[in-house]
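Heads up, the thing below is written out as C-alpha cells.
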Amino acid sequence: MGQNLGLAGPVQVNRDFCKRCGYYFEFCPRGVFERPDEITLKGVTPPRINEWAECTMCSLCTLLRPDIAVSIEV
Amino acid sequence: MTRAIEEHPLTGYLRIDRVPHIWCEGCGLGILLNSFVQALKDLEFDMDKLVVVSGIGCTGRASGYIKSDAYHTTHGRAIAFATGVKVANPDLKVVVISGDGDLFAIGGNHFIHAARRNIDMLVICANNFNYGMTGGQLGPTTPIGSRTQTSPYGNIEQPFNLSALAACSGAVYVSRWTTLHVRRLTESIKKGIHKKGFSFIEVIAPCSTVYGRYNRLGDGLDMMNDLKEISVIKHGIYPTEATIEPGKEIVVGDFVDIEKPEYSDMVQAFIKEQMEG
C-alpha cells in the first residue's frame with residue numbers, strides 16, 4: 001500500500017493518511033524512522049524509513065498509529 | 001501519488017475509503033480504533049456477528065470507520081441502543097465505543113443500569129478529560145484544577161473515577177489503559193470481546209488540540225511522553241484505589257475479572273420457561 005519511502009523493506013508508509021503525530025520517531029524501539037525535511041502538500045512530514053535493517057518486525061508501529069498510515073507487510 | 005486502498009492490511013475490518021479520519025493530529029482516538037480493529041483481526045472475528053454502537057462526540061465517529069453493522073446513536077443513548085440489540089438477538093457481540101462525556105454525563109444512568117443488569121457487551125470508553133468536539137468544556141472526568149473553556153480559572157469539581165464506577169455498578173471485567181499501552185490494550189480488548197457479561201475498558205487518550213492547549217501540555221507527542229512517565233501498572237487492585245490524577249499518577253491495569261449470571265441468557269431462559277409452562 002501507499003508509497004515506500006525507504007529501501008525495499010517491509011515497513012510501508014502511506015503519505016496520504018499521515019497527519020504528523022510524530023509517535024514513530026519517539027517510540028520505535030530500534031529507531032527505524034527518521035523525520036525528513038520535506039513537507040508534503042498537506043503540510044505534514046510523513047516518517048521516512050531510515051534504518052530498516054534495524055527493524056525486528058515487533059509491529060509496535062502498526063499498533064501505535066493514530067492515522068493508520070504505517071503498515072508492515074508480513 | 002496513488003492510494004492502493006485494496007491492499008491495506010485492515011481492509012476487511014476497516015472502511016479504508018473513509019480514512020484519513022476526522023480526528024486531529026496526535027489524537028489518541030485513532031490509536032484506540034486501530035487497537036480495536038487489530039484485536040478483531042487477531043481473533044479473526046466474524047464481522048457479521050459484530051455490532052458497534054457509539055454515541056455523540058469525537059469518539060462517536062468510531063463506529064462509522066469499522067466495517068460491521070454500526071449504530072451512531074443519539075447523545076448518551078449508546079448503551080440503551082446496545083441493550084436493545086443484545087436482547088433482541090443474543091447471538092450478536094455488541095461493542096459500545098464512546099467518550100467519557102457521552103457515557104458518563106449524558107448517558108450515566110444507562111451505564112450504571114446496564115452494568116447492574118450485567119448485559120453481555122463490551123464498553124470501551126475513551127477518556128480525554130473534556131468535551132473535545134464542542135470546544136473543550138468541563139466534563140465529568142475533568143481533573144481538579146484543570147482549565148477548560150467553561151472553567152478558565154481551574155476546575156473545582158471532583159471528577160469521576162470511571163473504572164471504580166463500573167466496578168461498583170457490577171461490571172464483570174474492568175481495565176484501564178492509556179493509548180501508550182497499546183499492546184496491553186489490544187490484549188484487554190480481546191479479553192473483553194470473549195468475556196460473557198458487562199465488560200468495561202477505560203482508555204486514557206490525549207486530546208492535544210483542546211485539553212492540551214488550555215492546560216499548556218504541548219502537542220500529542222508531549223502528552224504521550226507525559227503518560228509514559230506518570231502511568232503505573234497495578235494489576236488486580238480494586239479500581240477505587242486506582243488513582244487517576246493527570247500530571248501526577250495514573251494507575252492502569254486489569255482490575256476486575258469475575259463471573260456473574262448474564263442478563264440476555266436469563267431473558268431467554270425465562271421466555272423458554274414461560275412458553276413451556
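The values are calculated or read from the model by the stated rules, or taken from the named source; none is laboratory data. Predicted model only: the values in this text are computed from it and were never measured. All Cβ positions, even for glycine, are placed from backbone atoms using ideal geometry, and neighbour counts span all protein chains on display. Protein only, heavy atoms only, side chains kept; ligands, DNA and RNA dropped before computing areas. Shrake-Rupley method; radii C 1.70, N 1.55, O 1.52, S 1.80 Å.
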Worksheet item: Can you spot a residue in the stretch B:190-207 that is under 24 Å from B:T142 (Cβ atoms) and open to solvent by 10 Å² or more (accessible area, probe 1.4 Å)?
Response: yes
Discussion item. Considering only the stretch B:45-57, I want to know if a residue exists there that is within 11 Å of chain A (Cβ to nearest Cβ) and within 17 Å of B:V123 (Cα to Cα).
Written reply: no
Practice prompt. Just give me the residues in the stretch B:137-158 being under 24 Å from B:I201 (Cβ atoms) and either in contact (Cβ under 8 Å) with a residue 40 or more places away in the chain or open to solvent by less than 30 Å² (accessible area, probe 1.4 Å) (or both), in sequence order.
Written response: B:G139, B:P140, B:T141, B:T142, B:P143, B:S146
Practice prompt. Scan the strands (runs of 3 or more DSSP E) fully inside the stretch B:27-136 and keep the ones with 1 or more residues being under 18 Å from B:F200 (Cβ atoms).
Written response: B:50-54, B:93-99, B:121-127
Item to complete: Just give me the residues in the stretch A:44-74 being at the interface with chain B (Cβ under 10 Å from one of its Cβ atoms) and in a loop (DSSP other than H, G, I, E, B), in sequence order.
Response: A:V44, A:C58, A:S59, A:L64, A:R65, A:P66, A:D67, A:I68, A:A69, A:E73, A:V74
Fill in: Search result, residues across the stretch B:9-38 that are more than 10 Å from chain A (Cβ to nearest Cβ) and either open to solvent by less than 20 Å² (accessible area, probe 1.4 Å) or more than 16 Å from B:A70 (Cα to Cα) (or both)
B:D17, B:I22, B:F36
